[in-house]
């Protein structure tokens, strides 16, 4: 195990987690928290960012960064930022609360928008690079 990579993942996870906390709180305060909009925004924006990173790797014909920098960004920052576990718990809570249609909407919206966001991030970087 590479201690330097672990430290970079730790630091990236810290930054991603703080970013997730900030974005989710801002969104929740602006639009309310009767539905997990903050989590949805975090997951979609994280998917967009990781798609853009993958698009940059495609343009570069391989890794766009060293293994260490990829560990920091992909595993640390993006891993700390996106909130799949929060999404699952919030969806389960909606279902247990008898709000099956809202739980189903959260599943469809999160999965659909995140897949679209990964594609949009990937293709926008690829297209911009020409």
### Query
Can you pull out the residues in region 57-98 that are part of a helix (DSSP H, G or I), at pLDDT 85 or above and over 27 Å from residue 3 (Cα atoms)?
59, 87, 88, 90, 91, 92, 93, 94, 95, 96
### Task
Go through (1) assigned to a helix (DSSP H, G or I); (2) at pLDDT 90 or above; (3) surrounded by fewer than 14 Cβ atoms within 10 Å (Cβ to Cβ); (4) more than 13 Å from the chain's Cα centre (by Cα) one by one and return the number of the condition residue 103 breaks.
(3)
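Just name the residue that is surrounded by the most Cβ atoms within 10 Å (Cβ to Cβ) out of those in region 24-39 that are touching a residue at least 40 places away in the same chain (Cβ under 8 Å) and in a helix (DSSP H, G or I). Let's see the steps before the verdict.
Here is the first cut: in region 24-39, the residues touching a residue at least 40 places away in the same chain (Cβ under 8 Å) are 24, 35-36, 39.
Next cut, in a helix (DSSP H, G or I) only: 24, 39.
Numbers: 24: 21, 39: 27.
Checking each candidate, the answer is 39.
Looking at region 87-100, which of the residues that are crowded, with 18+ Cβ neighbours inside 10 Å and more than 15 Å from the chain's Cα centre (by Cα) is farthest from residue 24 (Cα to Cα)? Steps first, please.
First, pick out the residues of region 87-100 that are crowded, with 18+ Cβ neighbours inside 10 Å: 87, 90-91, 94.
Applying the additional criterion that residues be more than 15 Å from the chain's Cα centre (by Cα) yields 90-91, 94.
Values: 90: 13, 91: 16, 94: 18 Å.
My answer is 94.
Which one of 42, 84, 64 is surrounded by 15 or more Cβ atoms within 10 Å (Cβ to Cβ) and under 18 Å from the mean Cα position of the chain (by Cα)? Spell out how you get there, then give the answer.
Values: 84 fails: surrounded by 15 or more Cβ atoms within 10 Å (Cβ to Cβ); 64 fails: under 18 Å from the mean Cα position of the chain (by Cα).
From the options 42, 84, 64, the qualifying one is 42.
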### Checklist (1) closer than 18 Å to residue 13 by Cα; (2) modelled with pLDDT of 90 or more applied to residue 50, failing item
(2)
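The values are calculated or read from the model by the stated rules, or taken from the named source; none is laboratory data. Keep in mind the model is a prediction, meaning the values are calculated, not measured. Quick reminder, even Gly has a Cβ in these numbers, built from the backbone with ideal geometry, and neighbours come from all protein chains shown.
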